[in-house]
Amino acid sequence: MAADSEPESEVFEITDFTTASEWERFISKVEEVLNDWKLIGPSLGKPLEKGIFTSGTWEERSDEISFADFRFSVTHHYLVQESPDKERKDEELEDAIPQSMQDLLCMNNDFPPRAHCLVRWYGLREFVVIAPAAHSDAVLSESKCNLLLSSISIALGNTGCQVPLFVQIHHKWRRMYMGECQGPGVRTDFEMVHLRKVPSQYTHLSGLLDIFKSKIGCPLTPLPPVSIAIRLTYVLQDWQQYFWPQQPPDIDALVGGEVGGLEFGKLPFGACEDPISELHLATTWPHLTEGIIVDNDVYSDLDPVQAPHWSVRVRKADNPQCLLGDFVTEFLKICRRKESTDEILGRSTFEEEGREVADITHALSKLTEPAPVPIHKLSVSNMVHTAKKKIRKHRGEESPLNSDVLNTILLFLFPDAVSEKPLDGTTSIDNSIPAPEAGDYTLYNQFKSAPSDSLTYKLALCLCMINFYHGGLKGVAHLWQEFVLEMRFRWENNFLIPGLASGSPDLRCCLLHQKLQMLNCCIERKKARDEGKKTSLSDSTTSAYPGDAGKTGGQLGLDHLRDTEKEKGEVGKSWDSWSDSEEEFFECLSDTEDLKGNGQESGKKGGPKEMANLKPEGRLHQHGKLTLLHNGEPLYIPVTQEPAPMTEDLLEEQSEVLAKLGTSAEGAHLRARMQSACLLSDMESFKAANPGCFLEDFVRWYSPRDYIEEEVTDEKGNVVLKGELSARMKIPSNMWVEAWETAKPVPARRQRRLFDDTREAEKVLHYLAMQKPADLARHLLPCVIHAAVLKVKEEESLENIPSVKKIIKQIIAHSSKVLHFPNPEDKKLEEIILQITTVEAIIARARSLKAKFGTEKCEHEEEKEGLERFVSCLLEQPEVSVTGAGRGHAGRIIHKLFVNAQRAAAVALPEEELKKSGCPEERRQTLVSDFPPPAGRELILRATVPRPAPYSKALPQRMYSVLTKEDFRLAGAFSSDTSFF
């Protein structure tokens, strides 16, 4: 029983051969990708035009498949072309060999300068590559290579795809490919050999022909002719007598301005090293046959001078050091520093001295200041005295900047200090500044920098120069400290700052430029006020009432600041100008009787009748033929205060304060009151100039559109004009009515100042003193980039390079987006600087090539223009054909360059090597060799022969060979007939 039960207990394993294996799944995935890309069936394109591989558009698409757990990437490379006509296509498809086989014989695109390696080796316009997806993966074993080749062969057969399919094997750096292409009854195998050391018999044409003939194994006795294309490449590295024209900067001559382009105010430009490292000359014989030329290990007919076609390419130095790019990059590095000026210089410039230096004048100055400024320092005079004393104490040999450099910079920034009499501001500051060009105008607006003739722009250039050549960060801190002291000196002594446009701060410029313009406004107001005091005091000896109606504009304190009559809006001005009564500031007159005579006490509650008895004050001039509505007196335009200038940070601060007031009725009323400070001031000036006036009179001058006049007929039948306030002026609790009721008849010169120049100047000076070098660099970086772009445009205009013009437009567009907003990212700034450096390198390459080819030495204009076009093409294109080959003008220059290099190399050889040559003739040939041994030898052999049998179809055969010092490669495409073999 036990024996009978044993067979029943055995388990039989059944193998299901219908289940797909990993190999079959892989083949199926390849077929699926080919189907998705519509590469199935025959495809025929137009014949290839000459140079289309370089000038045409190449595209690629990729997908990923896997063989078990090994991932492959599948990439389709193809040249974009128009599809041929359908009728022509149907005719040619019948019994036509695949397009790729026809491309093997095409001679229009041999040795393309820029293309995929398979395009260069096989001349294909379309192919698919299967390669390991990971860069570190590789197919190394022979069995795996054969498995992949079998897979693609089956996939091509199943799908009918006629596009060549390649598999990348071995390590990727070796660029080894095996592939196959199938057509109706034909097949092409793509094979490759890659060696480090080449056998000596394969270094010349005769040896390679032997390989090619043995491989195709043609059974025909007279072998069909073999077409040959040869290219020899020669490399020129030693330019000899053509030195790089860029001279290194002479630091010692910097102060004296002896080096053009390195004096202060001008950025340097150019590469410090030759940006062209090598010149590659390719001499090509495009159409040769086997019997025409001899090239073996003993003798060669391949003389480069006699080659029918020459082409040249230049090898550019990798990341050449460029002066302008380095300047801007080093300046950008300051933005990342966190030290303050005091920490860098190792001292506190504005720290207080001991109590013994204080005197009674400091206490008095505090009493007379208009408002407390949040600067915890001593008074102005003591502060400057302290700073200068501390600088003298610590300066000397330890100073980052020596006195010569510092004086040169300060005279460059402040040219008015050169004259014996300092600029007192009596003349307009704009007269000394040339008007910027229209292009520059839009550029500084786009970059939010400063005009190229402004002090801010010059300061940025000087700081950039100091940072690079004179002490780095310490030098920057030292110069900035001196600059702030100069600003303080000019404020105290009423000297206008040169290089700044007059008027309110230009919000289109950087904040630092706005601050300097604000300080200039303060100096102008202070100077005008001081002169007004002197005028009033001098006039008080001849006139008891300097404010009467007969007074001219020149006799008023601020009268000359007011322009002729103009319509004014009701929009409120600076919120800083409105404050409590404790901050009121009066320009007090010595004549106390004048205060009693203007009736301020009666003006508090008095109506128009009481006001009509007041003495008119602060009149500028009469307003045409307008008269007051109630008493018929002429209407006078008053002298008013100018609205307070604002910088963008003050505007932001004002907006935040107004927004914090909320939407309540009290907040809205307070907001309106703050915004109407300028309106109230003008009303008070108007009441003082026109005693007995009403609100309607003020509106007729201030906002004529709010006073509506219409013709009406009176009781007697006469047509008269009757006017009334507009609807918005009649709204209850109107701000204009409230302001008019509270306004007192006070002339502008006795009002609280809307613009407290003393306080604003101290705020600006404090702001400047507190700037760290990093903050300063952030403010001025737009100016530095602006200057760099202008420098690049200036240099490009001398060379006229189309590609550079395009890049400059891109730089301007990119910079406008990045710099127009505060605190741009460092990465974006680095991208802008990299673009500028790229343009600088291109221009340097153009100048290097022009110097080497001697474009300026040409006697004939045609030759010069031809050389300049040739140099321009070398910069724009990967490879340029030489017109006339070695016999043309450019060819003769290139030949001479190689000859000079060869002679220099021969002179440098040791005498022992020269003596090895036997007879003088041999020595002469060795020395006078015009060209060095070729650095690269490329050959393409083609033939159309039947394979594998004599009666097989004649199909294209091709073999490409490249030989360099480091490796040797053979890439063969051998076709065979699969129907008749």
Using a basic spin-label model with each label point 7 Å from the Cα along Cα→Cβ, how many nm lie between Glu656 and Lys809? 4.2
Scoring only Lys, Arg, Asp and Glu (+1, +1, -1, -1) among other residues with Cβ under 12 Å from the Cβ of Val871 yields +1
Could you compute the FRET efficiency for Lys338 and Leu223, with r as their C-beta to C-beta distance and R0 at 60 Å, rounded to 0.05? 0.15
Computed FRET value (nearest 0.05) for Gln877 with Ala133, which takes r as the C-beta separation and R₀ as 22 Å: 0.05
Burial ranking of peptide ranges 814-826, 773-785 (average Cβ count within 10 Å, highest at the top): 773-785, 814-826
For the pairs Lys266/Lys791; Lys448/Lys817; Lys458/Lys527; Lys526/Lys687; Lys515/Lys772, flag any whose C-alpha to C-alpha distance is greater than 19 Å. Lys458/Lys527; Lys526/Lys687
Modelled label-to-label distance, Asp210 and Thr742, 7 Å Cα→beta-carbon offset: nm? 11.1
Sequence of Phe483, Phe67 from largest to smallest accessible area, 1.4 Å probe: Phe67, Phe483
Theoretical gain in end-to-end length, Lys817 to Glu966 [0.36 nm per residue, Cα-Cα removed]: 48.8 nm
Considering the Cα trace of the range 942-981, what is its radius of gyration and what is Dmax, both in angstroms? 13.6, 43
Stretch gain in nm, segment Glu82-Asn402, where the contour uses 0.36 nm per residue and the Cα spacing is subtracted: 108.2 nm
Protection proxy ranking, peptides 144-150, 677-683, average beta carbon neighbours within 10 Å, highest first: 677-683, 144-150
Can you tally the net charge around Ile216? Count Lys and Arg as +1, Asp and Glu as -1, for every other residue whose Cβ sits under 15 Å from the Cβ of Ile216. +2
At 7 Å along the Cα-to-beta-carbon direction for both Glu794 and Thr75, put a label point, then send me their distance in nm to one decimal. 4.5
Cα principal axis extents for the range 793-832, largest first, Å: 35, 16, 14
Starting from 0.36 nm per residue, how many nanometres of slack lie between Ser55 and Lys144 once their C-alpha separation is accounted for? 28.2 nm
Considering only protein heavy atoms and a 1.4 Å probe, what is the carbon-and-sulfur percentage of the accessible area of the range 119-200? 51
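The values are calculated or read from the model by the stated rules, or taken from the named source; none is laboratory data. Model, not experiment: these values are computed from the prediction. Methodologically, a virtual Cβ is constructed for each residue, glycine included, from the backbone with ideal geometry; neighbour enumeration extends over all protein chains shown. Protein only, heavy atoms only, side chains kept; ligands, DNA and RNA dropped before computing areas. Shrake-Rupley method; radii C 1.70, N 1.55, O 1.52, S 1.80 Å.
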